[in-house]
Amino acid sequence: MTEASPTAASTSTVAPSTAVEPRPLAKGTSGRVSGKWWKEEKKPFKRSHLPPVLKSKSWEKQKEAMNKEKAIRQLIKEQKEEREQADKARKQAIVERRKAKEEKERLERMREKMSAKKLERLKKKLGRTKKINH
């Protein structure tokens, strides 16, 4: 037992020099390292479609730009509401004019009708007094 077999001696020795140590995690990679030596190191996905506001590094600049955009959106919204109110007022004025015109025409027709009836009555009355039938 004191003698070691040649196979036992070779297994207890240090691993061959061809073994590669796994790469340690780099700072900021968030675990994006595969550990396989033939794989390239993965980098974060570049979001090129982001607006320039969000690409800037300074939070103050981002906040300032967002506030500016917010103010612009608010201004556009106010202008839109003003336009809608003006359109609504114009439409209401048109409706009021049409109603007034219809009412005027209705009263005119009634007046004509009433005056025709009144004339008929007067003719009848006149015919009765002078003994003339019209």
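The values are calculated or read from the model by the stated rules, or taken from the named source; none is laboratory data. Since this is a predicted model, take the numbers as computed values, not measurements. Cβ sites come from the backbone with ideal geometry, for glycine too, and all protein chains shown count toward neighbours. To get the accessible areas, we keep the full protein, side chains included, count just its heavy atoms, and leave off ligands, DNA and RNA. Shrake-Rupley method; radii C 1.70, N 1.55, O 1.52, S 1.80 Å.
Structure summary
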read-out: Inter-residue pairs, beta-carbon under 6 Å, first under 25 Å from Val20 (Cβ atoms) and in the range 35-49, second assigned to a loop (DSSP other than H, G, I, E, B), 6+ apart; value: Gly35/Pro22; Trp37/Val20; Lys42/Arg32
read-out: Residue among Arg90, Arg97, Arg83, Arg111 that is more than 28 Å from Pro51 (Cα to Cα) and at pLDDT below 95; value: Arg111
read-out: Exclusive hit being acidic (Asp, Glu), out of contact with any strand residue (DSSP E or B) (no Cβ under 9 Å at 6 or more places or on another chain), open to solvent by 100 Å² or more (accessible area, probe 1.4 Å) and part of a helix (DSSP H, G or I), set Glu64, Glu81, Glu96; value: Glu64
read-out: Residue in the range 67-78 that is nearest to Pro52 (Cα to Cα), counting only those that are open to solvent by less than 100 Å² (accessible area, probe 1.4 Å) and among the charged types (D, E, K, R); value: Glu69
